[in-house]
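Taking it in order: structure first as structure tokens, then the write-up.
The values are calculated or read from the model by the stated rules, or taken from the named source; none is laboratory data. These numbers come from a predicted model, not from an experiment. Backbone-built Cβ (ideal geometry, glycine too); neighbour counts: all protein chains shown.
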Amino acid sequence: MSGRRRKNKSKLLEKRPRHVLGKEQRYHQERDEGLDKDDDEAESSDESSISFPVAMWDMEHCDPKKCSGRKLARHGLIKILRLGARFSGLCLTPVGDKCVCPTDREIVRDHGCAVVDCSWARLDDTPFNRMKASHPRLLPFLVAANPINYGKPCQLSCVEAIAATLIITGYPEEANLYLGKFSWGHSFLELNSELLEKYALCTNSEEIIAVQEKFLDKARQEKLDKELEPPDFPQSDTESEEEGEEKDENIASKVTKELDNIGSNEFENETNSRCVFSLVSILMTTE
């Protein structure tokens with residue numbers, strides 16, 4: 001009897017359609033479908049929350065999986081332009097004639113902003129003349145936070161350039177929306193918070209340049225001051241505390257004496273030759 005039951009049960013299992021899901025599988029499927037629906041709604045709401053167009057010319061120089069512009073396009077937050085197409089808004093390009101500033105807010109509001117997605121190592125191969133931009137602009141000094149060029153001056157990714165433009169022109173919430181699509185996005189704001197706040201308070205491009213120069217001068221001076229600090233010699237572990245203190249005092253006295261003997265002009269020239277750097281060379285640095 002038991003053998004017959006097992007046989008009948010096996011026949012029933014064989015007849016069961018393969019597409020029928022168990023309770024646990026059905027639960028996971030419904031949950032995943034709900035998450036996908038939420039993601040779709042979030043992406044559509046992101047796009048609808050931007051009241052002006054954001055676009056880019058994509059030169060396809062970089063890995064699509066690492067390209068911040070391509071990721072924004074997948075989220076519906078940026079439109080890809082073809083070469084030869086005209087963009088009526090503000091365009092960030094190396095051939096711009098002046099820096100973006102808060103007075104460009106109306107241009108962004110009415111016509112949007114665009115970027116050129118190209119490799120910093122292939123600027124000479126990029127056909128900037130085929131990108132019809134009504135308002136070409138440069139970005140002032142900022143430090144990159146993207147994983148490829150982290151810590152490098154001025155070598156920003158597409159999303160960093162867009163976010164910087166939006167903050168300077170008075171759209172910080174939109175900037176946070178764009179940076180929020182990247183796990184490292186907050187680092188860009190942390191690295192550049194001081195500069196971005198000051199840039200956003202300027203009234204024209206000339207003031208932007210003045211803020212930039214003041215910041216760079218301060219950075220140069222801090223570097224000089226750091227190099228001028230006398231060396232801090234560690235205390236030997238084999239000496240007693242009293243002997244160590246006495247030795248430190250003697251060393252400090254000798255260092256001070258040596259510094260006094262060095263001519264101020266000679267010392268200043270030597271440190272300046274090591275520390276002073278050109279803003280032009282920074283802006284033109286490529287990988």
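Every residue, every condition in (1) modelled with pLDDT of 95 or more; (2) over 15 Å from the mean Cα position of the chain (by Cα), yes or no:
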{"residue": "Ile148", "(1), (2)": "no, no"}
{"residue": "Leu189", "(1), (2)": "yes, no"}
{"residue": "Leu196", "(1), (2)": "yes, no"}
{"residue": "Phe233", "(1), (2)": "no, yes"}
{"residue": "Ser236", "(1), (2)": "no, yes"}
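Just one residue in the set Val95, Val115 is at pLDDT below 90, within 30 Å of Val211 (Cβ to Cβ) and part of a loop (DSSP other than H, G, I, E, B); that residue is Val95. When Glu206, Glu174 are screened for being outside any loop (DSSP other than H, G, I, E, B), touching a residue at least 40 places away in the same chain (Cβ under 8 Å) and under 19 Å from Ile107 (Cβ atoms), only Glu174 passes. Could you figure out which of (1) closer than 18 Å to Cys67 by Cα; (2) at pLDDT below 95 isn't true of Tyr178? Against the list (1) closer than 18 Å to Cys67 by Cα; (2) at pLDDT below 95, Tyr178 comes up short only on (2). Within the stretch 121-138, if we keep just the residues that are in a strand (DSSP E or B) and more than 24 Å from the chain's Cα centre (by Cα), the residue that is modelled with the lowest pLDDT turns out to be Lys132.
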